[in-house]
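Notes follow once the structure below has been shown.
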Amino acid sequence: PPRSTLFPYTTLFRSIKIPSSWNASEEFPSFPKEWSQAQMGWLRKKFTVPADWGNKRIILDFQAVSGDSKIYLNGEEIGTNFDSVLPFNFDITDKVKKEGENELLVGIRGRGFFYWQGVYGRITFPPGAPALGIWQDVYLLALPGVHISDVFIKPEVSKNQLNAEVTIQNSSTEEKNLNVVAGISPWINLAGKGELKAPEVKWKLGDKVMEL
C-alpha cells in the first residue's frame, strides 16, 4: 500500500528467532532496536509436509501470539486471533499442499491500535505484557482421524483428587469405541538458558507419578 503520513512504515526483511517477540531487543541484542517501536509486522515461514503423513489430519498450532493477528496459508486467509497468551489452532488438512512448498504468513498489529477511553483512563484490549509477535512455539501436527483435541486438568485440592476433562474428535467416517487412559509425568526442561538456545524445543518427561 502507499506510504501513510499517519502510519509510516519501513520494509525490512530479517531472520527472527521464533518463539520470541520482535520488540525484545534487551533479551535478544541482535534484534534491531528500531523493532521496539514497530507496531505492525509480517512473519513468513516456508515449509513442506512430510511424505509419510499420509491421510492424517494436519493441524497448525500456535501456543501464543501477542497482538491482533491474521494467518495466511499459500495466499489464503485461514483465520484470525486477537489475544496475548492463549493457544489456538487451525485444521489445514484441506488447504495445505501435500507435495511441494507451502508459505505461511502471520500479520500482527500491536494492541496500541485498540486503545479506548474508559472511566478511569485509557484501556487496551486484550490485556497482557507489551510483547509483540509469536512469543511461544508453533507446531505442525499430524493427527489420526480419531484424536484428543483438548485436555482440561482440574486439581480439586479440597477433595484431594485430580480430574481430567478429555475432548475426543472423530474426523473419520466410522464410529469408534475407545478407552481413555492418562499418565502424569513431570516436564523437564533441557534447553539452555542463553538467548539462542533458550527458545529451542528441547525437553523430556520424567518418571510417571500417576495414572488415570
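The values are calculated or read from the model by the stated rules, or taken from the named source; none is laboratory data. A quick note: this is a predicted structure, and the numbers were derived from the prediction, not measured. Note: ideal-geometry Cβ built from the backbone for every residue, glycine included; neighbour counts use all protein chains shown. Keep in mind that these areas ignore ligands, DNA and RNA; they rest on the heavy atoms of the full protein, side chains included. Shrake-Rupley method; radii C 1.70, N 1.55, O 1.52, S 1.80 Å.
Annotations for the structure displayed:
- Scanning region 170-188 for residues that are modelled with pLDDT of 90 or more, touching a Ser or Thr at 6+ places or on another chain (Cβ under 6 Å) and open to solvent by less than 90 Å² (accessible area, probe 1.4 Å) turns up nothing.
- Odd one out for Thr80, checked against (1) part of a strand (DSSP E or B); (2) surrounded by 13 or more Cβ atoms within 10 Å (Cβ to Cβ); (3) among the hydroxyl-bearing types (Ser, Thr, Tyr): (2)
- Flag for Phe113 being modelled with pLDDT under 90, out of contact with any helix residue (DSSP H, G or I) (no Cβ under 8 Å at 6 or more places or on another chain) and either outside any strand (DSSP E or B) or basic (Lys, Arg) (or both): yes
- Here is the figure for region 30-70: residues that are more than 14 Å from the chain's Cα centre (by Cα), of a type in the set (Asp, Glu) and under 28 Å from Ala142 (Cβ atoms) total 1.
- The lone exception for Val138 - which of (1) exposed (fewer than 15 other Cβ atoms within 10 Å of the Cβ); (2) within 20 Å of Val96 (Cα to Cα) it fails: (1)
- Scanning region 65-76 for residues that are touching a strand residue (DSSP E or B) at 6+ places or on another chain (Cβ under 8 Å), open to solvent by 50 Å² or more (accessible area, probe 1.4 Å) and assigned to a strand (DSSP E or B) turns up Lys70, Tyr72.
- Residue within region 52-64 that is over 23 Å from Lys193 (Cα atoms), modelled with pLDDT of 95 or more, open to solvent by 30 Å² or more (accessible area, probe 1.4 Å) and touching an Asp or Glu at 6+ places or on another chain (Cβ under 7 Å) present: no
- If you check Val119, Val96, Val49, Val85 for being more than 24 Å from Phe13 (Cα to Cα), at pLDDT below 90, surrounded by 14 or more Cβ atoms within 10 Å (Cβ to Cβ) and among the aliphatic types (A, V, I, L, M), only one passes: Val85.
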